[in-house]
1. For the charge dipole of the chain, defined by +1 on Lys and Arg C-beta atoms and -1 on Asp and Glu C-beta atoms about the Cα centroid, which residue among HIS52, THR33, GLN116 has the Cα displaced farthest towards the positive pole?
2. Hey, for a label at LEU30 modelled as a point 7 Å past Cα toward Cβ, could you say which residues of the range 87-117 have their backbone N under 14 Å away?
3. Hey, what number do you get for the chain at 222 nm if only DSSP H runs of n ≥ 4 count, each worth -39500 (n - 2.57), divided across all residues, to the nearest 500?
4. Starting with the highest mean, order 94-102, 29-37 by the number of other Cβ atoms within 10 Å, averaged over the residues of each peptide.
5. LYS9: which lysines have alpha carbons under 27 Å from its alpha carbon, excluding same-chain residues fewer than 8 sequence positions away?
6. Under 23 Å between alpha carbons, and skipping anything fewer than 8 positions from LYS96 in its own chain: which lysines qualify?
7. Tally up the carbon and sulfur contribution to the accessible surface of the chain as a whole percent, 1.4 Å probe, everything protein left in place.
8. Taking the Cα centre of the chain as origin, work out the dipole magnitude from +1 charges on Lys and Arg Cβ and -1 charges on Asp and Glu Cβ, in debye rounded to 20.
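The values are calculated or read from the model by the stated rules, or taken from the named source; none is laboratory data. Given the structure is predicted, the values throughout are model-derived calculations rather than measurements. Note that each Cβ is placed from the backbone with ideal geometry, even for glycine, and that neighbours are counted across all protein chains shown. Quick note on the areas: whole protein, heavy atoms, side chains included, nothing else; ligands and nucleic acids left out. Shrake-Rupley method; radii C 1.70, N 1.55, O 1.52, S 1.80 Å.
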Amino acid sequence: EMQGRDLSKLENALQAQGVVAKVVQALPLLNRTTLERAVVLLSRLVMLPGGHFATQYVESGGLSKKLLHSLLDMSNRPGLIADTLIIMSMLARASKDHYPAIHKADPYPLLLDLLQS
């Protein structure tokens, strides 16, 4: 019970500080290794119940075409691509409200490339 309350406090603090938005905004500035770690963190936060982190991700530009295309680039390591796909999947599962942002990011040619590789 105590551990659950502590986790809830941590989630509330991360939400209040806008951690997801800050990490998303920093992604273009990160080197490859740090980028991979940041996307792992984001994928885990987006997976948490409640959808607050998913909403922060979308609202902070996590589905911008430029960013999404850079994260799904075939030259990236498989782990980075997989975590990006996890984020997209969780966003799609969380709410139909995220569909337009996913569609606007136009991931389709990249997904086709990944499926054909």
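1. The listed residue farthest towards the positive side: THR33.
2. What the label zone holds, given the 14 Å backbone N cut-off, is 87.
3. Numbers: 8 runs with 86 residues, N = 117.
That calculation yields -22000 deg cm²/dmol at 222 nm.
4. 94-102, 29-37
5. Filter leaves LYS22.
6. Hits, sequence-local ones excluded: LYS65, LYS66, LYS104.
7. For the chain, the apolar C and S fraction of the accessible surface comes to 59 percent.
8. Details: 12 positive and 10 negative charges, 25 e Å.
In total the dipole reaches around 120 debye.
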